[in-house]
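Have a look at the structure below, then the notes.
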Amino acid sequence: MLADVHCHLDFPDFEKDLDSVIERAKKAGVVAIITAGLNPETNRKALEIAGRFPIVKAALGIYPQYAAEMSEEAVEKEIAFIKKQKPFAISEIGLDGTYPDMEKQKEVFRQMIALAKELKIPLVVHSRKAEKEVFEVLVSMNAGKVVVHCFNGKLSLAKEMQAAGFFFSIPAIVSHATQFKELVKAINSTHLLTETDAPFLSAVKGEKNEPASVKQTAAEIASIKGVSAEEMEKMIFSNYQKLFMK
Ligand SMILES: [Zn+2]
């Protein structure tokens, strides 16, 4: 059994073929797909898709770019909305050095962490050009259930994150991206998960990614770790259960 802990099924890329995308995922052995909202509009779309397909779970949150753009009032309103929905996870949240207003991003990130703690659900965290700051905020807030999505920072920092109990979701591009191969080598199998970030980050450049590709990602992780694909799938799924089902 497999899980895609992070993707965006609400993107227009999936508008026409979502049924077959879900079917292909099921055929590949995927039993859970976590689709992540980024703002008020996509949070509602994520809920709508999760309502249509039992395999899809809605993760709701405010993405760093929107954290910087939204008014405090709009953020408060969205937090109240998310609380009522009982989402599967808080996602996609974090910090991003390529967007403006790091202080505002941090403030919303802290609010999102507090929300996840209150709801006792995991956080799926985006960190780009702000990995150290992300770690500092998570530690200062005593965040427990954390998935670091698509981590591209220093391996020494990844190890500190692992020591703090965080999990790492590995994207399909691990098949050719050296930094993800190194990350898989550095982190224990007990702390690895699979994601797609679909429609993005396809293993084949220019192609649309989809949840079924976690099958190949798990196989790639298995080959890096020198174990069978079956064994690695089992380990990754038990990691998923440990984090999301308790
Ligand atoms: Zn994403």
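The values are calculated or read from the model by the stated rules, or taken from the named source; none is laboratory data. Here the structure is a predicted model, which means the values were calculated and not measured. Positions of Cβ are backbone-derived with ideal geometry, glycine not excepted, and every protein chain shown enters the neighbour counts.
Each row is one residue, and each column tells you yes or no for (1) more than 18 Å from the chain's Cα centre (by Cα); (2) of a type in the set (A, V, I, L, M); (3) crowded, with 16+ Cβ neighbours inside 10 Å; (4) within 15 Å of the ligand (Cβ to nearest atom).
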{"residue": "Phe53", "(1), (2), (3), (4)": "yes, no, yes, no"}
{"residue": "Leu60", "(1), (2), (3), (4)": "no, yes, yes, yes"}
{"residue": "Val75", "(1), (2), (3), (4)": "yes, yes, yes, no"}
{"residue": "Glu78", "(1), (2), (3), (4)": "yes, no, yes, no"}
{"residue": "Gln85", "(1), (2), (3), (4)": "yes, no, yes, no"}
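May I ask you to verify whether Leu138 is among the hydrophobic types (A, V, I, L, M, F, W, C), in a helix (DSSP H, G or I) and over 19 Å from Pro40 (Cβ atoms)?
Details: among the hydrophobic types (A, V, I, L, M, F, W, C): yes; in a helix (DSSP H, G or I): yes; over 19 Å from Pro40 (Cβ atoms): yes.
Criteria met by Leu138.
Within the stretch 130-166, how many residues turn out to be at pLDDT below 95 and surrounded by fewer than 19 Cβ atoms within 10 Å (Cβ to Cβ)?
Selection size over the stretch 130-166: 2.
Which pairs turn up if I take residues in the stretch 19-41 that are without any contact (Cβ under 8 Å) to a residue 12 or more places away in the chain and look for partners that are outside any strand (DSSP E or B) and within 13 Å of the ligand (Cβ to nearest atom) with beta carbon separation below 9 Å, at least 6 apart in sequence or on another chain?
Note: pairs meeting the criteria are Glu41/Asp10.
Can you say whether Thr217 is at pLDDT 95 or above, assigned to a loop (DSSP other than H, G, I, E, B) and touching a helix residue (DSSP H, G or I) at 6+ places or on another chain (Cβ under 9 Å), as far as the supplied structure shows? Don't jump to the end; show me each part of the working.
Values: at pLDDT 95 or above: yes; assigned to a loop (DSSP other than H, G, I, E, B): no; touching a helix residue (DSSP H, G or I) at 6+ places or on another chain (Cβ under 9 Å): yes.
For Thr217, the condition - at pLDDT 95 or above, assigned to a loop (DSSP other than H, G, I, E, B) and touching a helix residue (DSSP H, G or I) at 6+ places or on another chain (Cβ under 9 Å) - is not met.
I'm checking my understanding of the structure. Among residues of the stretch 15-41 that are touching a His at 6+ places or on another chain (Cβ under 8 Å) and of a type in the set (A, V, I, L, M, F, W, C), which one is farthest from Pro171 (Cα to Cα)?
Step one: list which residues in the stretch 15-41 are touching a His at 6+ places or on another chain (Cβ under 8 Å), which gives 34-36, 38.
Next cut, of a type in the set (A, V, I, L, M, F, W, C) only: 34, 36, 38.
Working: Ile34: 14, Ala36: 15, Leu38: 19 Å.
Among those that are touching a His at 6+ places or on another chain (Cβ under 8 Å) and of a type in the set (A, V, I, L, M, F, W, C), it is Leu38.
Conditions tested, residue by residue: (1) buried (at least 16 other Cβ atoms within 10 Å of the Cβ); (2) charged (D, E, K, R); (3) at pLDDT below 95.
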| site | (1), (2), (3) |
| --- | --- |
| Phe180 | yes, no, no |
| Asp197 | yes, yes, no |
| Glu210 | yes, yes, no |
| Ala222 | yes, no, no |
| Ile236 | yes, no, no |
| Lys242 | no, yes, no |
| Met245 | no, no, yes |
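Just checking, does the stretch 27-43 include any residue being within 14 Å of the ligand (Cβ to nearest atom), part of a helix (DSSP H, G or I), at pLDDT 95 or above and not hydrophobic (A, V, I, L, M, F, W, C)? Walk me through it before giving the result.
Looking only at the stretch 27-43, we keep the residues that are within 14 Å of the ligand (Cβ to nearest atom), and these are 33-39, 42-43.
Now drop any that are not part of a helix (DSSP H, G or I), which leaves 42-43.
Those left that are additionally at pLDDT 95 or above: 42-43.
Subsequent filtering for residues that are not hydrophobic (A, V, I, L, M, F, W, C) retains 42-43.
There is at least one residue in the stretch 27-43 that is within 14 Å of the ligand (Cβ to nearest atom), part of a helix (DSSP H, G or I), at pLDDT 95 or above and not hydrophobic (A, V, I, L, M, F, W, C).
Out of everything in the stretch 138-157 that is touching a residue at least 40 places away in the same chain (Cβ under 8 Å) and either over 27 Å from Phe200 (Cα atoms) or within 13 Å of the ligand (Cβ to nearest atom) (or both), what residue ends up being nearest to the chain's Cα centre (by Cα)? It would help to see each step written out before you state the result.
Taking the stretch 138-157 and keeping what is touching a residue at least 40 places away in the same chain (Cβ under 8 Å), we get 145, 147, 149-150.
Retained after the next criterion (residues that are either over 27 Å from Phe200 (Cα atoms) or within 13 Å of the ligand (Cβ to nearest atom) (or both)): 147, 149-150.
On the way: Val147: 6, His149: 5, Cys150: 8 Å.
Residue satisfying both the conditions and the ranking: His149.
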